[in-house]
Amino acid sequence: MTFLEIEYQRQLIESGLDDSSPNAVFPHFCGGQFGENPEVWKREVIEFLTINVSCGLLEAIHRKDLVGREGARVLEDMLTKGDVDTDFDAKVIWETTYFAATPKLDELLESLNLRTWEALNLGPNAALIARLKELYAQC
């Protein structure tokens, strides 16, 4: 799997420090949700959230059913089509579903001394990127 390494690194570090909605993910990639190419941005955000939910690095705060591979598939549908169970439009899901780090992500960030606000400004961390590639290959 190829991914936006520095964007993933920054977003995962931020997730270890604070929760965020899909609209807050990758604010600098393609200018974010209101940038020059919102569809490309949206696809990347969905990919980021689903792979990290699937691998157990992120969890939806108020939707504990969105875990693992099956949860990631449900999440992808919700972010593209809305939530048919609650009749919420996809736009509402993007604004109201919040994600946070799991203990697994917290442990990974702590082990690399990356669970700090200062770490958001660091360049690519080779150890973190290598570990993410290993995890993503297994999911």
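Values quoted throughout were computed directly from the atomic coordinates according to the rules given, and no laboratory measurement underlies them. Quantities reported herein were computed from a predicted structural model and do not represent experimental measurements. Cβ sites come from the backbone with ideal geometry, for glycine too, and all protein chains shown count toward neighbours.
Using the Cβ-Cβ distance between residue 127 and residue 19 with R0 set to 30 Å, the FRET efficiency from 1/(1 + (r/R0)^6) comes to roughly 0.75. Can you compute log10 of I(q)/I(0) for the chain with the Debye formula, treating each Cα as one identical point scatterer, at q = 0.14, 0.17 Å⁻¹? At q = 0.14, 0.17 Å⁻¹ the computed log10 ratios are -0.60, -0.90. Subtracting the Cα-Cα distance of residue 73 and residue 113 from 0.36 nm times their residue separation leaves 11.2 nm of extension gain.
Helical content alone sets the calculated 222 nm signal of the chain at -16500 deg cm²/dmol, taking -39,500 (n - 2.57) per DSSP H segment of four or more residues and averaging over every residue. Comparing 94, 117, 41 in a Gaussian network model of the chain, where Cα atoms under 10 Å apart are tied by springs, the biggest mean-square fluctuation is seen for 117. Summarising the amide proton neighbourhood of residue 99: residues at separation of 5 or more, or on other chains, whose placed amide H is nearer than 5 Å comprise 20, 21, 61.
Annotation: cysteines of the chain without a disulfide-compatible partner (Cβ-Cβ under 4.7 angstrom) are 30.
With the simple spin-label model, which puts each label point 7 Å out from Cα in the Cβ direction, the residue 39 to residue 87 separation comes to 3.0 nm.
If you take the Cα centroid of segment 1-26 and the Cα centroid of segment 65-132, the two points sit 7 Å apart. The aspartates and glutamates within cross-link reach of residue 42, meaning a Cα-to-Cα straight distance under 12 Å and a gap of 8 or more places when in the same chain, are 76.
Evaluated over the Cα positions of segment 59-139, the convex hull gives a direction-averaged projected area, one quarter of its surface, of 6.5 nm².
Taking every alpha-carbon pair under 8 Å whose residues sit at least 6 apart, segment 5-134 reaches a relative contact order of 33 percent.
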